[in-house]
Amino acid sequence: MILKRFAIAMTACLISVCAAAQGVISVDTKSNVLPDGNVELILTVNLAPQWYMYSTEPVKGGPMATALTSQESPDYSPVGGLENVEEPHVKYDQGFRMEVDYFEGTARFRQIIKPLTEETFAFRGWLEFQTCNGLECTLNEEEISVTVNPSAASVEESIAPPAADTDRADGGRSFWGFLLIAFLAGLAGVITPCVFPMIPMTVGFLIGGGSTRRAGILKGVIFGLSIMVIYTLLGLIVALFQSTAATDAIGTHWIPNLIFALLFIVFAVSFLGAFEITLPSGLANKADREADKGGYIAAFFVALAMVIVSFSCTGPFVGSILAAAVLDGVALRPIIGMAVFGLGFSLPFVVLSLFPGVMKKLPKSGGWLNMVKVVFAYIMLAFAMKFLYNIDAYFGWGIITRLGFIASWAVLALLLGLYFLGVFRTSHDTPSEGIGWGRHIAAIVCITFAFYLIPGLFGAPLQSISGLIPPMDGSTLTISSGDNAPNTGDNTASGYSTLKSYTDLEEALAESRATGKPVFIAFKSHTCSVCKQMEATVLSSAAVMERLSGDFVIANLYVDDKTEDAEFRTLGRRYRDLELRQFGSASQPLYAVVDSDGNTLSGPVGSCSEDEFLKFLAF
């Protein structure tokens, strides 16, 4: 037992030394007592040249976020999570296909703890982070221990974390892009069948009733501001129910994804003419009665009535903006998104109240409004598939595969294109004698997109929309000239991830004993950018794929696997220990070939060229 503990302790020391040699020079910690009695811990990580680490902000599908896990103690409790002290750098990462936040040189982090005693105590925890240098990555776990004296003199000012970056959002999506989408969604809401026919009546109220031009302009401005306030209040309600802990997981949890999927499907079916969605008529009637009283206050109630009456058409837009805001996990996004949506929705009414003559140039209401609803219905069905896929991935059912997802989108795009060409109509469409140039262009765009998706059914990566569709999962179709057709590499476009592999080393060794094939081991992590680049280039090449699929048993060992392990706490720790003991490295990716007893036959090698990798396999 003593020898076992000694071995584990020595392994931990070796991992720490190896990590220090591969990017981390030192980790320093100090504490400050704040004026409110809480204690501020400042953690400073000094990195070697060419190495970098990631920020504390988690990003779905991105790198490992830096985190601090504190040891449970009756002497203190954490307040919030670990925060960046300085603003991180931003770069586009080819492996993750998104912008990432990172630090180089020196990285500083801040954690607030609340003392539960007046006596001096020791804070203990583990700083978990990932370091990379473009060729390899290393998972690091640094033990933190600092003595805290709660009765010490407090510092005048704490080191405040950087202000939120409003120029970009998690996952590389621009914050300004989000606002533009919200604004355009507001404008789109105006051309729906529930709203567009109401424009003359609403503008007539704003400028009519014997009002002077100045009074009409003022009522128009009040109307626009009221619309913005109403939608902003809706965003505020959503933001109040959005906790920091919840936003980290809400993008992947099945409950919000189910809610959004049902919302989109119900509205899509409604837009296709199955039924009408309306809010209680009492709300609209009450708002109408208040609006009939006239005056500036009436402009607010006209705005309220407009919001209520138009809900059956604007609901999907509102739901989409709120879904995007909540899934991105930024607390102010629902508020700002709804304010900008309200601005876009009200702006045409305000402009027309300033220039009422423009109304004469507006197109008349007609069948084109129902076409708008049908288009929105198909778009909502497409995005409902995205939420349904998230639910499927959460439970690991494997029902919605990449093949099925792409096929559904291709069918929806093709049907929408045929709808524009007049091949079929919905029950609410009015017959038309011809097809205008606008519908021809829309049909070309939709059908072209459908044909763009078709290669994805056979393994094409579809990189331009890779962030919207499921990753490679091996469900793609393959084309061959017969049952015994040789593997020519034509079906390798789906990549290394489609090959049969094991994530448990013992299972891979058992398969090796049964088949007589050696085991190809890939030490990797879910958040390793270099690993993803190697798999997308070298490991997915035709020559390498042919060797791996035919001559080896493949074992993908994730060093960040959180599965519980009796000896090493997690399975990932066990594989990190194996990687260090047997191959003398703690970096990823790392590749080796072993026999059925686990003895090394070739390697290890890290990130390399295709030629070097093939030489490594040809031991």
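The values are calculated or read from the model by the stated rules, or taken from the named source; none is laboratory data. Predicted model, so just to flag it, every value in this text is computed and none were measured. Using ideal geometry, Cβ is built from the backbone for each residue, glycine included, and neighbour counts are taken over all protein chains shown.
Residues checked against (1) modelled with pLDDT of 85 or more; (2) not in a loop (DSSP other than H, G, I, E, B):
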{"position": "562", "(1), (2)": "no, no"}
{"position": "567", "(1), (2)": "no, no"}
{"position": "574", "(1), (2)": "yes, yes"}
{"position": "582", "(1), (2)": "yes, yes"}
{"position": "596", "(1), (2)": "yes, no"}
{"position": "603", "(1), (2)": "no, yes"}
From 144, 159, grab the single residue that is modelled with pLDDT of 75 or more, surrounded by fewer than 20 Cβ atoms within 10 Å (Cβ to Cβ), out of contact with any helix residue (DSSP H, G or I) (no Cβ under 8 Å at 6 or more places or on another chain) and not assigned by TED's automatic domain parsing to the domain that holds residue 343. 144
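Pick from 593, 553: which is surrounded by 15 or more Cβ atoms within 10 Å (Cβ to Cβ), within 34 Å of the chain's Cα centre (by Cα) and farther than 30 Å from residue 126 by Cβ? Full working, then the answer.
Working: 593 fails: within 34 Å of the chain's Cα centre (by Cα).
Going through 593, 553 in turn, just one is surrounded by 15 or more Cβ atoms within 10 Å (Cβ to Cβ), within 34 Å of the chain's Cα centre (by Cα) and farther than 30 Å from residue 126 by Cβ: 553.
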With (1) part of a loop (DSSP other than H, G, I, E, B); (2) modelled with pLDDT of 55 or more; (3) of a type in the set (Gly, Ala, Ser) as the list, and residue 489 as the residue in question, which single condition is left unmet? (2)
Can you pull out every residue in the stretch 48-74 that is in contact (Cβ under 8 Å) with a residue 40 or more places away in the chain and over 19 Å from residue 91 (Cα atoms)? 67, 68, 69, 70, 71, 73, 74
Of the criteria (1) touching a Lys or Arg at 6+ places or on another chain (Cβ under 8 Å); (2) at pLDDT 75 or above, which one residue 137 fails: (1)
Scanning the stretch 402-459 for residues that are among the acidic types (Asp, Glu) and within 15 Å of residue 374 (Cα to Cα) gives 429
Taking the stretch 513-524 as the search range and keeping residues that are in contact with a Pro (Cβ under 9 Å, 6 or more places away or on another chain) and surrounded by 22 or more Cβ atoms within 10 Å (Cβ to Cβ), which one is nearest to residue 545 (Cα to Cα)? 521
